[in-house]
Amino acid sequence: MSHLLNADLHCHSVVSDGTLTPEALAARAHGNGVQLWALTDHDEIRGQHRAAAAAQALGMDYLTGVEISVTFVDTTVHIVGLGFDADDAQLARGLAATRDGRGERAQEIGAQLARVGIRGAYEGALCYVDNPELISRTHFARYLVDTGHCRDAGEVFRKYLTEGKPGFVPHRWARLGDAVRWIREAGGMAVIAHPARYRLTANEEYALFSEFQQHGGQGVEVVTGSHTAAEYATYAAMAQEFGLAASRGSDFHSPGESHTDLGALPGLPGQLTPVWQLLHERILRAAR
Ligand code: AMP
Ligand code: MN
Ligand code: MN
Ligand code: MN
């Protein structure tokens, strides 16, 4: 399987903070020419069997997926897991523990927003939530946009939901070593998601990559909807420096909100080893 395969290994459904069902995402991915797909909901794998079944019914190969929220030196970092056993009990327990606390955090976000004059945001955000264990800042953003408080999600995050802003509630997520271990011990591969998004210093980034690798992490997203073309080159070089496999994924959430559609990214730079080469035996093949 070459680096030119149209693989999209990062997106979200209603099971976390996307707006499409796993089945609708599978159809959209297939329609856009995706040949190997993974649904990677935040801290949650309950969409995996549906996604795999929908993909295979369409003739599209599938890798199981998840995006775990991790706290690394006071920064939230996302670790994607690919190709794990979706029925693994330790992974399920780890993810449940990671989701735990989202409810209280959301109530606190609502209370803080009320103090700056935005009432009913917690209840409002809940109306957009499909999975009661997975209320996210994205649901608040949708509520604030639809009620006219902000023009788009970007403005909501800039004004209210990021560090230092009135609706930001700090939260401790999973530990890096735990997240990597849950994925690996379930038979999968851990991948650093969209590294350019974290705005780490060079030293902090080096520490993240080194610790990730010491824990057994094996991949990094190089081509993602969150990176610029210059960042593809930066993280292609990082992948080579650390001997990590490279992944590709749109991080698609919603037709109206996401600027990068499923399957619509450029290919991986040719000198890299694609994650799907190492995950060969973990791919759920569609009948052909
Ligand atoms: P949470 O896991 O509740 O902290 O929410 C994180 C989610 O918020 C991410 O997965 C993105 O979907 C979304 N998000 C973060 N920053 C932004 C932004 N600047 N604009 C739009 N969505 C964002
Ligand atoms: Mn998200
Ligand atoms: Mn992410
Ligand atoms: Mn994501």
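The values are calculated or read from the model by the stated rules, or taken from the named source; none is laboratory data. What you see is a predicted model; the values in this text were computed from it and never measured. In this analysis, Cβ positions are derived from the backbone assuming ideal geometry, glycine residues included, and neighbour counts consider all displayed protein chains. Quick note on the areas: whole protein, heavy atoms, side chains included, nothing else; ligands and nucleic acids left out. Shrake-Rupley method; radii C 1.70, N 1.55, O 1.52, S 1.80 Å.
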Exercise. With respect to H139, is the statement that it is modelled with pLDDT of 95 or more, surrounded by 15 or more Cβ atoms within 10 Å (Cβ to Cβ), in contact with a Cys (Cβ under 9 Å, 6 or more places away or on another chain) and farther than 25 Å from R248 by Cα true?
Worked result: yes
Seminar exercise, completed: So, first residue in the same structural domain as G177 (by TED's automatic domain parsing) in the range 69-85, second residue open to solvent by 30 Å² or more (accessible area, probe 1.4 Å) and of a type in the set (A, V, I, L, M), Cβ within less than 8 Å, six or more apart or across chains; the pairs are V73/A207; T75/L200
Problem set entry | All positions within the range 141-183 that are part of a helix (DSSP H, G or I), touching a residue at least 40 places away in the same chain (Cβ under 8 Å) and closer than 22 Å to F212 by Cβ | L176, D178, A179, V180, W182, I183
Exercise. Can you tell me which residue in the range 4-21 is nearest to ligand 2 (Cβ to nearest atom), limited to those that are farther than 22 Å from W276 by Cβ and open to solvent by 30 Å² or more (accessible area, probe 1.4 Å)?
Worked result: T19
Seminar exercise, completed: All-but-one check, W182 against (1) within 16 Å of ligand 2 (Cβ to nearest atom); (2) closer than 16 Å to T71 by Cβ, failing number (1)
Problem set entry | Members of the range 207-233 that are touching a strand residue (DSSP E or B) at 6+ places or on another chain (Cβ under 9 Å) and of a type in the set (S, T, Y) | T224, Y232
Seminar exercise, completed: Across (1) touching a residue at least 24 places away in the same chain (Cβ under 8 Å); (2) surrounded by 22 or more Cβ atoms within 10 Å (Cβ to Cβ); (3) part of a helix (DSSP H, G or I), E204 clears everything bar (2)
Problem set entry | Flag for A230 being within 30 Å of A141 (Cα to Cα), within 16 Å of ligand 1 (Cβ to nearest atom) and without any contact (Cβ under 8 Å) to a residue 60 or more places away in the chain | no
Exercise. Can you pull out the residues in the range 112-136 that are open to solvent by 40 Å² or more (accessible area, probe 1.4 Å), under 24 Å from the mean Cα position of the chain (by Cα) and of a type in the set (A, V, I, L, M, F, W, C)?
Worked result: L126, C127
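Among the residues of the range 57-68, count how many are in a strand (DSSP E or B) and in contact with a helix residue (DSSP H, G or I) (Cβ under 6 Å, 6 or more places away or on another chain). I'd like the intermediate steps shown before the answer.
Initially, the range 57-68 is screened for residues in a strand (DSSP E or B), giving 61-62, 65-68.
From what's left, in contact with a helix residue (DSSP H, G or I) (Cβ under 6 Å, 6 or more places away or on another chain): 62, 68.
Residues meeting the conditions: 2.
Taking L39 as the residue in question, decide whether it is part of a helix (DSSP H, G or I) and within 16 Å of ligand 2 (Cβ to nearest atom). Show your work before the answer.
Details: part of a helix (DSSP H, G or I): no; within 16 Å of ligand 2 (Cβ to nearest atom): yes.
Criteria not met by L39.
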For this session: Name the residue, out of T228, T224, that is within 19 Å of the chain's Cα centre (by Cα) and farther than 30 Å from R50 by Cα.
Result: T228
